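Following: one structure in structure tokens, then a few remarks.
The values are calculated or read from the model by the stated rules, or taken from the named source; none is laboratory data. For clarity, every value in this text was computed on a predicted model and none was experimentally measured. Using ideal geometry, Cβ is built from the backbone for each residue, glycine included, and neighbour counts are taken over all protein chains shown.
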Amino acid sequence: MTEYRPSEEHEAIRDAVRALCEGKVAPNAAAADETGEFPQASYDALRAGDFHAPHIPVEYGGAGADALATAIVIEEVARVCASSSLIPAVNKLGTLPLLLAGSEDIKRRYLPQVARGEAMFSYCLSEPEAGSDAASMKTRAVRDGDGWILHGAKRWITNAGVSEYYTVFAVTDPAAGARGISAFVVEKSDPGVGFGAPERKLGIKGSPTREVYFDAVRLSDDRRIGAVGTGFATAMRTLDHTRVTIAAQAVGIAAGALDQSLRYIQERQQFGRAIAEFQGVQFMLADMGMKLEAARQLTYAAAGRSERDEPDLTYFGAAAKCFASDAAMQITVDAVQLLGGYGYTKDFPVERMMRDAKITQIYEGTNQVQRIVIARKMLGR
């Protein structure tokens, strides 16, 4: 790829994902939002198309998609259903620590199962008292013979209860601060693992969000991801890469809302002509289009840096996530406005898209935190 145009292969992936999503994911989106149930039919469709975890390398049984292709998959799924887009997004979030820091044994033990669609993988960093300040976490992993005993709780865990596996960050040396945090793989079936009730959320209702509890969970040392004390660094490296996926999700939500708006304003007649003919509507449309394309280009530029693991990825990942999510919020609000009373009802998907867009400004680091990250990089800190 170049910075400005995805390759023909990337566009072929887009076409394939779009066709699958319009036929087999979009029909489930409203029901997932209404019931709050995980869209199993959408997962099955994505799994059949090998789009549920496209980032997993070929050597572990995956499709071997690069960062841009993975972003395009997430974008296209989010265009019709933000909840379903969290299937490939969270599978990448949960497994990336293994790819970045895990041993060959731990990669071969878990990644092929995710690649085959037999299991999903979630990411457990945030806690009730440790959100943006993740290093202040209270979850503890204490040495016990040749293994570890895990105690604590994680909050806001996407796809909790549905995923079979969890990357969990825990304090292993309380005196060492951020350098005293280590990462582990926890299995849902491990004795002592429990889940809270699903959160009652504004949006992404088809993706369950729960607390995860660890009550004296015994882990063998071969469940550890990377060296002892490197967990926080792994967590931050992971987020540098996966903020690109949240940017892609935001771009997809915004694109879906713009598509709906374009269709509606050309069909809706008022004062004897389509409302698309009114200059005020055209001004809104132009702003939506500019914001969307700027967000998409920044996201793709960040994806390229993620694939090459370039030094400025931290800046670009934060910038893409922040800009794209702000754009998605603005575009979806404007989409509701353009559809008027219809936009405010569940008969049209734009109100769902507006609710779904909000979370992209919050998770994987609030946009206020992203602006701090961006400014520090600009200041050379």
Do we have any residue at all in region 212-225 that's in contact (Cβ under 8 Å) with a residue 40 or more places away in the chain, outside the structural domain of Ser136 (by TED's automatic domain parsing) and either within 26 Å of the chain's Cα centre (by Cα) or closer than 25 Å to Gly317 by Cα (or both)? no
The listed residue being in contact (Cβ under 8 Å) with a residue 60 or more places away in the chain and either crowded, with 21+ Cβ neighbours inside 10 Å or closer than 18 Å to Gly229 by Cα (or both), out of Asp173, Asp146: Asp146
Any residue that is surrounded by 23 or more Cβ atoms within 10 Å (Cβ to Cβ), more than 23 Å from His10 (Cβ to Cβ) and in contact with a helix residue (DSSP H, G or I) (Cβ under 9 Å, 6 or more places away or on another chain) - is there at least one of those in region 262-275? no
Checking Glu34 against (1) of a type outside the set (S, T, N, Q); (2) closer than 28 Å to Asp66 by Cβ; (3) exposed (fewer than 15 other Cβ atoms within 10 Å of the Cβ), which single condition isn't satisfied? (2)
Taking first residues from region 232-246 that are touching a residue at least 60 places away in the same chain (Cβ under 8 Å) and among the basic types (Lys, Arg) and second residues anywhere that are surrounded by fewer than 23 Cβ atoms within 10 Å (Cβ to Cβ) and assigned to a helix (DSSP H, G or I), the pairs with Cβ under 6 Å that are 6 or more apart or on different chains are Arg237/Leu100
Six or more apart or on different chains, Cβ under 8 Å: which pairs go from a residue in region 49-62 that's surrounded by fewer than 17 Cβ atoms within 10 Å (Cβ to Cβ) to one that's assigned to a loop (DSSP other than H, G, I, E, B)? Could you list them? Pro57/Gly64; Val58/Gly64; Gly61/Arg116
So, first residue of a type in the set (S, T, N, Q) in region 11-37, second residue not in a helix (DSSP H, G or I), Cβ within less than 6 Å, six or more apart or across chains; the pairs are Asn28/Pro39
